[in-house]
Amino acid sequence: MTMQRRQLLRACSLGLPLAAAALLSASLSGCGFTLRQPTQFAFKTVYLTLPANSSMGTEMRRSLLATGQLDVPKDPSEMLKSDVVLDIFSEERQRVVVGMNASGQVREQQLRLRIKFRLRTPAGKALIPDVELFQQRDLSYTETVALSKEIEEATLYRDMQTDIVQQIMRRLGAVRAW
C-alpha cells in the first residue's frame with residue numbers, strides 16, 4: 001500500500017510543473033506573443049557615400065550586408081542603379097575635458113561622436129531627411145595608466161559607433177515604399 005502511495009505522490013509532483021508549463025504556454029500563445037523577426041527592407045540595393053577608409057563606413061557596410069537582404073555596391077557608377085543612397089555627411093569625434101584636479105591635471109573627459117546622414121533615392125527624393133545622431137561617454141583619466149586609457153577610449157568610440165550604426169539600421173528598416 002505504501003508503494004502505491006509513493007507512486008501517486010511522485011506522479012502528482014511531476015504533474016504540477018507540467019501543468020504550469022502548459023498553462024504558461026497557452027497564455028503566451030493566446031496574447032499574440034511572438035519573437036522579434038528580422039527587419040524587412042523596402043529596397044534591395046543601398047549605395048553608401050562616405051570614404052572607403054572610414055571605420056564608420058566599414059561597420060555600416062558590414063551591417064547592411066549581414067542582413068542577407070541587401071546589396072551594397074562599391075563602384076560609384078552603380079549609384080544610379082541602386083534603389084537608395086545613404087549619404088553620411090560628417091563623422092565628428094571630440095574629446096572634451098570636463099574635470100580637473102586642484103593642480104590642473106585632467107581627471108575626466110567626455111568622448112563625443114556626432115554623425116549626420118540622410119537617405120534618398122538616386123533621383124534626389126529624400127526618404128529620410130537630414131538627421132544628426134549624437135553619442136557621448138564619460139572617461140576618467142589618470143596619467144599613470146595613460147596607455148590603458150587610450151585603449152579604453154578606442155573601445156568607447158567603437159561602442160558609440162556600433163550604437164549609431166544600429167540606430168541607422170532601425171531607421172532604414174522603418175522606410176516603406178516610396
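Rule-based calculations on the coordinates, nothing more; no lab input. Model, not experiment: these values are computed from the prediction. In this analysis, Cβ positions are derived from the backbone assuming ideal geometry, glycine residues included, and neighbour counts consider all displayed protein chains.
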Within the range 108-137: backbone nitrogen closer than 20 Å to the MET79 label point (7 Å, Cα to C-beta): 116-131
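Taking the Cα centre of the range 38-174 as origin, sum charge times position over the Cβ atoms of Lys and Arg (+1) and Asp and Glu (-1), and report the length of that vector in debye to the nearest 20. Let's see the in-between values first.
Numbers: 19 positive and 18 negative charges, 78 e Å.
Approximately 380 debye in magnitude.
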Virtual spin-label span in nm between ARG112 and ARG95, 7 Å along Cα→Cβ: 1.6
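If you average 1/r across every pair of different Cα atoms in the range 38-174 and take the reciprocal, what Kirkwood value do you get, in Å? The partial results should precede the final answer.
On the way: mean 1/r = 0.0602 Å⁻¹.
Over the range 38-174, the inverse of the mean reciprocal pair distance is 16.6 Å.
Between VAL131 and CYS31, what's the calculated FRET efficiency when r is the beta-carbon distance and R0 is 45 Å? Round to 0.05.
Working: r = 35 Å, r/R0 = 0.77.
It comes to 0.85.
Beyond a 18 Å Cα-Cα separation, which of these cross-linked pairs lie in this structure: LYS44/LYS116; LYS81/LYS125; LYS44/LYS74?
Check vs 18 Å cut-off fails for LYS44/LYS116.
Using only the Cα atoms, what convex hull volume per residue in Å³ does the range 103-161 have? Display every interim value, and only then the final one.
On the way: hull volume 5.4 nm³, N = 59.
Spelled out: Cα convex hull of the range 103-161, divided by residues, is 92 Å³.
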- line: One point scatterer per Cα, no solvent, Debye formula: log10 I(q)/I(0) for the range 139-178 at q = 0.32, 0.34 Å⁻¹ comes out as -0.97, -1.02
